[in-house]
Amino acid sequence: MSQSAIAARPAPEQIAPAEGSAAVVQLGVPRRSFLRRHILPALPGIAARTIPPLLGLALALGVWELLCMGPDASMPGPSKVWAEAKELVLDPWFVYGPQDIGLGWRLLTSLQRVAVGFSIATVMGIALGTIVGSSTWAMRALDPLFQVLRTVPPLAWLPIALAAFRDSHPAAMFVIFITAIWPIIINTAVGIRNIPQDYRNVALVLRLNHFEYFAKIMVPAAAPYIFTGLRIGVGLAWLGIVAAEMLTGGVGIGFFIWDAWNSSRLSDIIVALIYIGVVGFALDRIVAMLGHYATRGTAKG
Amino acid sequence: MIPYLQIDHIDKAFTQGTYVLKGVSLTINKGEFVSIIGHSGCGKSTLLNIVAGLTGPTNGGVFLEGRQVDEPGPDRAVVFQNHSLLPWLTVYGNVKLAVDKVFGSTKSRAERHDWTMHHLQLVHMAHEHHKKPAEISGGMKQRVGIARALAMEPKVLLLDEPFGALDALTRAQLQDTVQEIAARLGNTVIMITHDVDEAVLLSDRIVMMTNGPAATIGEVLEVSLPRPRDRLSMTDSSAYLNARTRVLRFLYERHRHPVAA
């Protein structure tokens, strides 16, 4: 807002001298002033934000390299990882055979499973959370169950899922679903229980029916809580998929790590870990951004 | 003739045997502006909630045009103390929600839009209609709350300490707006307040509540000052000063606040 205002103001100043002076001079002026006015002042700010993380990264890589310098080090240092596995970094989209594909494809496969499992968890989690949040009886009946089940580690569900679905693909998606659903249920329920009495009174005076109350008061009022639940849920889902794929096989990123471990390709594993971290971070940011966008103005005012 | 709004022998006990309100009876005529004044904790907000239907009375009942009211409804629109605007809707959206609900089947889409904008204009908020509640001041929020209540075209407008959270200058502006609108539309209004000047300035009758527990109506004062009332010229009027003194006497001599005493 303020930047565009600054950008708009110099315009008349640039035109004014041009009326009196030759047109030749004018051509050079805006270009140089654009650099001086917009690029140069922004540089210190950009530098202050980009240099510390770059320094941190360089420091971490340096320590890692130092620790793995010895001739009998059990782990590869960053330079060795780059030498051995740079193909995985440089070309994530290669396809050499049904099991020999780039990390990009493997991540996509894993993301697809997360997408299905997480979507089902979102819909069911919000529905169940709404019921638990709005009915004291439902809360008393179901809350103890939820509190116990949510502490079960994702992988403990896998044998049951395999037995129930008789196939590793839906079983992995079930593990995602069951991992991600608990924080969504619990946060939705808390959000609904925390709807201020004021909003309930408004709904009562307006005689909103159940559906209108759900759509116009409940969902928007609980949205910040719901998105917190979704954000925790997507993080857990990403933790779960890697573990589940290591056991179920297939082409996901989790199985890639397991496969690399079985053929002693430590450098590949490290590259895969970095990919997983970056994707997990991106998922978290995306859900956070969606939440920020969807709950604009919901903060109390 | 049946009274317009009748509050008939209301008792209210939140726990068994401990009464907040005891034997409250009041009849309000159509187009009348009635203030209910009393110390905090005397149950005046409870009384308003009972009229609104948000709380049920333990005994007694509220009758609007002869029919008992026991649940909330847009015919008794409330302006809440803390504005209670929905923060995810714009100023326009907040009023429109009420208009759509109340007039969804009787007015066309264009009529509902005009109706919404008309009521925002009444409270001088039409120019801010696109803003979210978080982007406007406290006084503006309360204006929107008033517009939302008025737009429901209520039979009785209930104001629950509507200006309590505002600074003195903003409060004065809003009082003038409410006075002007009430005169123009002829609304029947019940206002809860703890501000003596506000009560005298706006009301046709001031209902003074005794202190709780078991609070009831202590005295009712007719304010027969001519309208429109101007806050500046009234400070010299003896009728104004008399009314003000009587309310002050009631509140600070005969029914001093138990904590303050």
Query raised in the report: Projected area of chain A, taken from the Cα convex hull and averaged over every viewing direction, in nm²?
Result: 26.4
Report summary line: Computed curve, region A:229-275, Cα-only Debye sum without solvent term, log₁₀ I(q)/I(0) at 0.16, 0.23, 0.32 Å⁻¹, is -0.45, -0.77, -1.10
Report task. Please list A:LEU57, A:LEU111 in order of solvent-accessible area, largest first, computed with a 1.4 Å probe with all protein chains present. Result -> A:LEU57, A:LEU111
Report summary line: Here Rg/Rh (Cα, Kirkwood) for chain B equals 0.97
Requested in this report: Pull out a ≥ b ≥ c, the square roots of the eigenvalues of the alpha-carbon gyration tensor of region B:1-89, then state rounded if a/c is under 1.5, prolate if not and a/b is larger than b/c, and oblate in the remaining case.
Outcome: oblate
**Report entry** Calculated FRET efficiency for the pair A:VAL123/A:ASP167, C-beta based, R₀ 22 Å, to 0.05
**Finding:** 0.50
Requested in this report: With just the Cα atoms of region A:143-301, tell me how far they stretch along each of the three principal axes, in Å, largest first.
Outcome: 68, 33, 21
**Report entry** Hull-based mean projected area of region A:205-247, where the convex hull spans the alpha carbons, in square nanometres
**Finding:** 4.0
Query raised in the report: About its Cα centre, what dipole magnitude does chain A give when the only charges are +1 on Lys and Arg Cβ and -1 on Asp and Glu Cβ, stated in debye to the nearest 20?
Result: 1160
Query raised in the report: Where does each of B:GLU32, B:GLU153 land when they are ordered by accessible area, with a 1.4 Å probe and the largest first?
Result: B:GLU153, B:GLU32
Query - Protection proxy ranking of A:42-54, B:218-230, A:122-134, B:188-200 - average other beta-carbon atoms within 10 Å, highest first - result: B:188-200, A:122-134, B:218-230, A:42-54
Query raised in the report: Alpha carbon centre of region A:189-238 versus region A:115-136: separation in Å?
Result: 12
Query - For residues of B:87-98, the mean tally of beta carbons on other chains within 10 Å - result: 3
Requested in this report: Let me know the Kirkwood hydrodynamic radius for region A:150-224, please, with Cα pairs as the basis and the value in Å to one decimal.
Outcome: 14.8
**Report entry** Convex hull of Cα atoms in region B:173-261, direction-averaged projection (nm²)
**Finding:** 6.4
Query raised in the report: What percentages, rounded to whole numbers, describe P(r) for region A:61-151 computed over all alpha carbon pairs with 10 Å bin width beginning at zero?
Result: 14, 21, 18, 18, 18, 11, 1
Query raised in the report: If you average the sequence gap of Cα pairs under 8 Å that are 6 or more apart and divide by the length of chain A, what percent do you get for the contact order?
Result: 19
**Report entry** For B:LYS22, solvent-accessible area (1.4 Å; no DNA, RNA or ligand), Å²
**Finding:** 90
Report task. Set the Förster radius R0 to 60 Å, insert the Cβ-Cβ distance between B:ASP11 and B:ALA239 as r into 1/(1 + (r/R0)^6), and round the FRET efficiency to 0.05. Result -> 0.95
Report summary line: Across A:204-216, the residue-averaged tally of Cβ atoms belonging to other chains within 10 Å stands at 4
Query - Over region B:82-193: Rg over Rh, Cα atoms, Kirkwood Rh - result: 0.94
Query raised in the report: GNM, chain B, Cα, under 10 Å: largest mean-square fluctuation among B:ARG171, B:ARG148, B:ARG109?
Result: B:ARG109
Report summary line: Ratio for the protein assembly as shown, C-alpha Rg to 2.2 N^0.38 Å, reads 1.38
Query raised in the report: region A:28-95: percent of C-alpha pairs farther apart than 19 Å?
Result: 62
Report task. Using per-residue counts of other Cβ atoms within 10 Å, averaged over each peptide, order B:62-68, A:227-233 from highest down. Result -> A:227-233, B:62-68
Report task. Anything over 26 Å Cα to Cα? Flag those among A:LYS216/B:LYS107; B:LYS22/B:LYS141; A:LYS216/B:LYS44; A:LYS216/B:LYS141; A:LYS216/B:LYS131; B:LYS101/B:LYS131, in the order listed. Result -> B:LYS22/B:LYS141; A:LYS216/B:LYS44
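The values are calculated or read from the model by the stated rules, or taken from the named source; none is laboratory data. All values derive from a computational prediction rather than experimental measurement. Here Cβ is always computed from backbone atoms with ideal geometry, including for glycine, and neighbour counts include all displayed protein chains. Calculation scope for accessible area: heavy atoms of the full protein, side chains included, ligands and nucleic acids excluded. Shrake-Rupley method; radii C 1.70, N 1.55, O 1.52, S 1.80 Å.
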